[in-house]
1. Can you show me the helix-derived [θ] at 222 nm for the chain, built from DSSP H runs with n ≥ 4 at -39,500 (n - 2.57) apiece and divided by the number of residues, rounded to the nearest 500.
2. Ordered by packing density, taken as the mean number of other Cβ atoms within 10 Å over each peptide's residues, highest first, how do 526-532, 381-387 rank?
3. Per the Kirkwood definition applied to all pairs of different Cα atoms, how many angstroms is the hydrodynamic radius of region 376-613?
4. What do you get for GluC sites (Glu not before Pro) in region 581-669 restricted to DSSP loop and a cutoff of at most 13 other Cβ within 10 Å of the site's Cβ?
5. Taking a threshold of 27 Å on the Cα-Cα distance, which of the pairs LYS468/LYS594; LYS146/LYS618; LYS66/LYS280; LYS20/LYS66; LYS486/LYS614 fall above it?
6. How many percent of Cα pairs in region 516-669 exceed 21 Å?
7. How would you order 651-661, 514-524, 398-408 from highest to lowest mean count of nearby Cβ atoms within 10 Å?
8. Using the beta-carbon distance between ASN525 and LYS79 and R0 = 35 Å, what value does 1/(1 + (r/R0)^6) give for FRET efficiency, to the nearest 0.05?
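Just so you know, all these numbers are worked out from the coordinates, no wet-lab data involved. Every value quoted in this text rests on a predicted model; they were computed, and no experiment measured them. Note that we place each Cβ from the backbone using ideal geometry, even for glycine, and neighbour counts take in every protein chain shown.
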Amino acid sequence: MKTVGHDSLKTGRTLSVDGKTYHYFSIPEAAKTIGDVSRLPVSLKVLLENVLRFEDGHSYSVDDAKAIAGWLPEGHSSKEVPFKPSRILMQDFTGVPAVVDLAAMRDGIVKLNGNPQKVNPLVPVNLVIDHSVMVDVYGSQDALQKNITLEFERNGERYAFLRWGQEAFENFSVVPPDTGICHQVNLEYIAQVAWTADVDGKEYVYPDSLYGTDSHTTMINGLGVLGWGVGGIEAEAAMLGQPIAMLVPDVIGFRLTGKMPEGATATDLVLTVTQMLRKKGVVGKFVEFFGPALDHLPVADRATIANMAPEYGATCGFFPVDTLTLDFLRETGRDEHRIKLTEEYLRAQDMFRTAETPEPVFTDILELDLSTVVPSISGPKRPQDRVVLKEAKTAFEKELTSSLGVPANDANKKVPVAGTNYEIGQGDIVIAAITSCTNTSNPAVLIAAGLVARKARALGLKPKPWVKTSLAPGSQVVTDYLDRSKLSEDLDALGFNTVGYGCTTCIGNSGPLPSHIVDAIENNNLVAVSVLSGNRNFEGRISPNVRANYLASPPLVVAYSLLGTMRKDITTEPLGTSKDGKPVYLKDIWPSNKEIADLIGSSINREEFINRYKNVSKGTKEWQDLKVATGSETYKWDSKSTYVQDPPYFKDITHEPTAPGNIENARIL
């Protein structure tokens, strides 16, 4: 695929890093012809560079570049421009059809006596297997291995197909199951911020960008990489080198000022941002964050905010690259030369943020002082329905007899659970899950959860016996630093054993509740509750037996497992009783910001990331033992399969396309 165009505007330039020459298409040079774009939002500069690089007079034109420049000064445009990302990110549910189509294309080439090895993605594709593991087993040391075994029993055919694709195709890689969540693996390993490619012997550098077949692909915008989720057809078109037309979007500027207060977390911040942007209305728009708070807002917190763009309705929530971005790349084991290239390239393109960077022009602006963020949860049915933590009990009582439909005379119903010595009632928490890419990618909230568990354990507290607890880290690096800090021991002691490296509860893979709990809920029409560190909480999404779902930070998930109900005020009522008979409150087990920061500093290092990702495609023993036709250029379809079948598109393929026939007996819908 031709990856550079005609350069009609003569913007081609070079830069040298460590003695190596890189070619690029200069935005400042283009501005001499298309007009001043210095105050264009950085996210739109990514679109502009894309046009300059691919401009060929057909799919991309100089007028497209002028259309983006013309977004200024009003901060709006009604024109469409093409966009073709640097790469594609897929997961194992929505990505499989694209791989099936590639396999079918190879069959078609063989039927025409062609070379099947010519069929490959034209842009790099990374498929991360993370959507299949379920929380069948929990609260035990062998939970992870037992869940992996069940995962491979259920998904062996699909996994074998993807394993074949991993070996058969060029430009296509697979991250095996039980490695991590695709968005966290993207953040920690795949993304490079500045992408490079060899074209006719010249090394070109350009912004890293992507489409993903998962809505939370937006998380990578926290690293300054423009990307969002698309449908399978769009991703496949991009994979095969086709640009997709899009309106030059409105860009809502979100100014962040101040500093986060003691006790507030990145989860509280993103729930606040989600509420504000949902109220504003940002569907179909970019959001770009700016302001003095970016001088100290960690990339992990930025990624948390960027992750929930689908929940606040935006196409993306973008953070420009700055020195903190470079620090993150260094901390996560990226190549030092690439980091230096990233900085020099983005500075040359006027896309590198500093404290002195003039504010871009935006379509509109919102502002948040981080010092006003307070502990919060969101629910019981929508992520934008933020509830201040100290008001959670009162808010739930109101929801119970309104949106959750419980008659007032049933609001205080309690029923015995068969085979146990306890009762459960309306509003009791039956799932407490540390889960999802939104939060498990952020060391601050994971370390905080571990510290809450440590303090609770030391005081003799345990989760209530009706609560199903689980921890599903977003990558194996999380396990490394929890082990190094010995927080894994404390989380395990409270039943938050690692159950898998994948999406789990956040996408509804919470697994079955114990049958006696299910019977008590369903036979008595109880409103059971889940508390999870996820990003979506629609009724029925988390579990078919749970009607109320609350999004919360990982440390709050642990705390709520101890409380066991939404019917008590977690900020003022005891979570339980200590070993010496004294009541224990949330304030007694909540860690300070300094405690969290000290453990992060002593537990996380660059070598962890390098070691974990150096053999990322190897996988578990189960992955390695899959029966795969290695060395086969085409896939051996199983006609008895109920999951992977040879599509009929190329069944009767010919060298010359058949003339279209008439459409007969069609009906207008």
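1. So the calculated ellipticity at 222 nm is -9500 deg cm²/dmol.
2. Taking the mean over residues of other Cβ atoms within 10 Å, the ranking is 526-532, 381-387.
3. Numbers: mean 1/r = 0.0557 Å⁻¹.
Final number for the Kirkwood radius of region 376-613 is 17.9 Å.
4. Within region 581-669, the qualifying GluC sites (Glu not before Pro) (loop, at most 13 other Cβ atoms within 10 Å) are GLU664.
5. Values: LYS468/LYS594 31 Å; LYS146/LYS618 20 Å; LYS66/LYS280 29 Å; LYS20/LYS66 32 Å; LYS486/LYS614 24 Å.
Too far apart for the 27 Å limit: LYS468/LYS594; LYS66/LYS280; LYS20/LYS66.
6. Percent of Cα pairs beyond 21 Å in region 516-669: 75.
7. Per-residue mean Cβ counts within 10 Å order the peptides as 514-524, 398-408, 651-661.
8. Here the calculated transfer efficiency is 0.05.
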